[in-house]
Amino acid sequence: QLQLVESGGGLVQAGGSLRLSCAASVTIFTMGWYRQSPGKQRELVAHITPGSTTRYVDSVKGRFTISRDDVKKMVFLQMNSLKPDDTGVYYCKDEWRAHWGQGTQVTVSS
């Protein structure tokens, strides 16, 4: 049974960094990181294929990096130069199985 468990969220000042991790219980394929900011719809932040092709929403390009470790069945999101607008709950998603993790809160203070 697929389980996705996110970790690494927290409170950070603007300009700081966080690294989110998503641990899967089964083999992973295309994976995505999404976020839901207060008052907004959930949006795709970054996406990585089994061949490590990546895609980012424009607002995080150059600041965030998605990566994967298929042996450990994990996906990561390195977030640098964080801004208050990056605040939200970040979710890991198995795109092939359409399965979500429980989310991890990221709060960026100004």
Within segment 64-82, the residues that are open to solvent by 30 Å² or more (accessible area, probe 1.4 Å) and either more than 14 Å from G16 (Cβ to Cβ) or out of contact with any strand residue (DSSP E or B) (no Cβ under 6 Å at 6 or more places or on another chain) (or both) are T65, S67, R68, D69, D70, V71, K72, K73, M74, N80, S81
If a residue must be closer than 21 Å to Q3 by Cα, at pLDDT 95 or above and over 11 Å from the mean Cα position of the chain (by Cα), how many such residues does segment 85-97 contain? 2
Among the residues of segment 86-105, which ones are open to solvent by 30 Å² or more (accessible area, probe 1.4 Å), outside any loop (DSSP other than H, G, I, E, B) and over 13 Å from L11 (Cα atoms)? Y91, K93, H99, W100
Among the residues of segment 18-28, count how many are out of contact with any strand residue (DSSP E or B) (no Cβ under 6 Å at 6 or more places or on another chain) and surrounded by 14 or more Cβ atoms within 10 Å (Cβ to Cβ). 1
Working carefully through the options G39, G15, G51, G10, find the one that is farther than 26 Å from R97 by Cα, surrounded by fewer than 20 Cβ atoms within 10 Å (Cβ to Cβ) and free of Cβ contacts under 8 Å to residues at least 12 places away in the same chain. G39
Residue count for segment 29-84, restricted to those that are outside any strand (DSSP E or B), over 20 Å from Q3 (Cβ atoms) and among the basic types (K, R): 4
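The values are calculated or read from the model by the stated rules, or taken from the named source; none is laboratory data. Because the structure is a prediction, the values reported are computed rather than measured. All Cβ positions, even for glycine, are placed from backbone atoms using ideal geometry, and neighbour counts span all protein chains on display. In case anyone asks, the SASA skips ligands and DNA or RNA and just uses the protein heavy atoms, side chains included. Shrake-Rupley method; radii C 1.70, N 1.55, O 1.52, S 1.80 Å.
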